[in-house]
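Here is the structure we will look at.
The values are calculated or read from the model by the stated rules, or taken from the named source; none is laboratory data. None of these values were measured; they are calculated from a predicted model. Please note: Cβ atoms are built from the backbone with ideal geometry, for glycine as well, and neighbour counts cover all protein chains shown.
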Amino acid sequence: MDKQIISSAQLDEQYTIVHHPSGLDIMMWKKEGFSTVEALFGTKYGSINNCFKTDAAEDFIKVPDGIAHYLEHKLFESDDNSSVFDQYAQTGASANAFTSTDITAYLFSCTDNYEQSLEILLDFVQSPYFTKENVDKEQGIIAQEIKMGDDSPTRKCFKNLLKALYKNNPVRIDVAGTVESIAEITPELLYQCYNAFYNLHNMTLSIAGNIDEQTVLDICDKKLKPSSDMHLQTRFPEEPDEVCESRVCDSASVGLPVFCLGFKTQSPSGKEYVKKSVIAAMLLEQLIGQTSPLYNSLLEEGLINSALGTFVYTSSERYFCCIIEGESKDPDEVARRIFAEIERLKTEGLDKEAFETDKRVRYGEKVSSINDVKACADAMLYYHFDCGDVTLFDDLDIIASLSAKECEDMIDDLFSVKRSSISIVQSKE
């Protein structure tokens, strides 16, 4: 087995990557003195991966929207009607799963019996069981989930923003799909997607905490089903630089209008992707973070409240946008003020003292996260799937070496008003 040690002399921390003969990459971070274990068994597969081919097919196929999320739900069922959650309850573990735009992962956390819980995890994820009856039954459950999401003003606002920012990119499609799209899902389609994306060559096991590496590897040797690389390829439509719509408005039962303001840009890969993500987060903090002049001015004028937040929504080489969301009696005025502040920062530059403070805080938060077993397991999986050869230790070096000038030079790219959209959900009355 090919084995790599990823280490940081500065932090006196390291984790191991083993390229298992089955095709699976296994990432292990032994945390001395910790009592808990967190494990994720993930595949690089999410809602945006709806067009693909493997060696088993002559051409690309297009599958219904929401099928990755649907598949996640169905893997918890078995042919003997036993419950995976009941199995975990016997080991004392807490289990869950998630589907994002580009990752699906199954996870557990525990303080004891991690060996048994790991066996359960590897078993059920590798044992799909789809029938017409259980697939049809799930359609009603997920359809209800979709309808509940549509009833959320903040979720509706965010979904509408993505449709306004992107014309062709499948990120504009909700992770769960639509009631109409999931009605097209069949057992045959689920098996086809499972065989393509749940091939071990497309998957990673990430485990951190109170573990023994050799024990983890022994369990993997016992449980993993060797697979041949099917040379999975995914296809994405061309996406223009410009946004689809600059402003969209919808209605719902809200006290104050809800808004999402987004700025669209290109997503690079590798180190440039990680660096751009860090810069975007830091510029959002300078632009309208809670200590920024604009935030406090808007707060004092009653144009925003404490619900305002910012985040970077991105996937390597696929999509990248900076988002500001919140509530306001006048979202359009908030957007105008943000645009004016962007122009001011481009002309006058960043507050250097505030920038250095934010950099120290951001670096400290990264270091502190290494003392969180869940954060360690999550980070290993995320960096392995989305950041190429860049590790979470490299991320710390990027933050430490970043200058205000580098951030200032990125303002125009990350916060182009011409590539922005605002989504507003206001009262039905």
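Residue-by-condition table, conditions (1) exposed (fewer than 12 other Cβ atoms within 10 Å of the Cβ); (2) assigned by TED's automatic domain parsing to the domain that holds ILE48; (3) part of a loop (DSSP other than H, G, I, E, B); (4) free of Cβ contacts under 8 Å to residues at least 40 places away in the same chain:
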| position | (1), (2), (3), (4) |
| --- | --- |
| HIS201 | no, yes, no, no |
| ALA208 | no, yes, no, no |
| ILE211 | no, yes, yes, no |
| THR215 | no, yes, no, no |
| ILE219 | no, yes, no, no |
| PRO226 | yes, yes, yes, no |
| ASP229 | no, yes, yes, no |
| GLU239 | no, no, yes, no |
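For the range 1-87, the strands (runs of 3 or more DSSP E) that sit wholly inside it and include 3 or more residues that are modelled with pLDDT of 95 or more, assigned by TED's automatic domain parsing to the domain that holds ALA176 and within 25 Å of the chain's Cα centre (by Cα) are 13-19, 25-30, 37-43, 51-53.
Residues considered: SER181, SER109, SER117. Of these, the only one that is in a helix (DSSP H, G or I), small (Gly, Ala, Ser) and under 22 Å from VAL37 (Cβ atoms) is SER117.
For the range 251-354, please list each of the helices (runs of 4 or more DSSP H) lying entirely inside it that holds at least 3 residues being closer than 30 Å to PRO237 by Cα and within 19 Å of the chain's Cα centre (by Cα).
By residue number, 270-288.
When the range 331-360 is filtered for residues that are farther than 27 Å from ILE398 by Cβ and surrounded by fewer than 16 Cβ atoms within 10 Å (Cβ to Cβ), the ones remaining, listed by number, are ASP332, GLU333, ARG336, PHE339, ALA340, GLU343.
Only residues that are among the basic types (Lys, Arg) and within 20 Å of LYS132 (Cβ to Cβ) were counted across the range 54-92, and they come to 1.
To keep it simple, each residue is scored yes or no on (1) surrounded by 21 or more Cβ atoms within 10 Å (Cβ to Cβ); (2) not assigned by TED's automatic domain parsing to the domain that holds LYS418; (3) not in a helix (DSSP H, G or I).
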{"position": "PHE124", "(1), (2), (3)": "yes, yes, no"}
{"position": "GLN139", "(1), (2), (3)": "no, yes, no"}
{"position": "ALA143", "(1), (2), (3)": "no, yes, no"}
{"position": "LEU161", "(1), (2), (3)": "yes, yes, no"}
{"position": "TYR194", "(1), (2), (3)": "no, yes, no"}
{"position": "THR204", "(1), (2), (3)": "yes, yes, yes"}
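Of all residues in the range 374-429, those that are touching a Gly at 6+ places or on another chain (Cβ under 9 Å), of a type in the set (Asp, Glu) and at pLDDT 95 or above total 1. The set of residues in the range 112-145 being farther than 20 Å from GLN90 by Cα, β-branched (Val, Ile, Thr) and free of Cβ contacts under 8 Å to residues at least 40 places away in the same chain is empty. Residue-level check: of (1) under 14 Å from TYR194 (Cβ atoms); (2) crowded, with 21+ Cβ neighbours inside 10 Å, PHE52 misses just (2).
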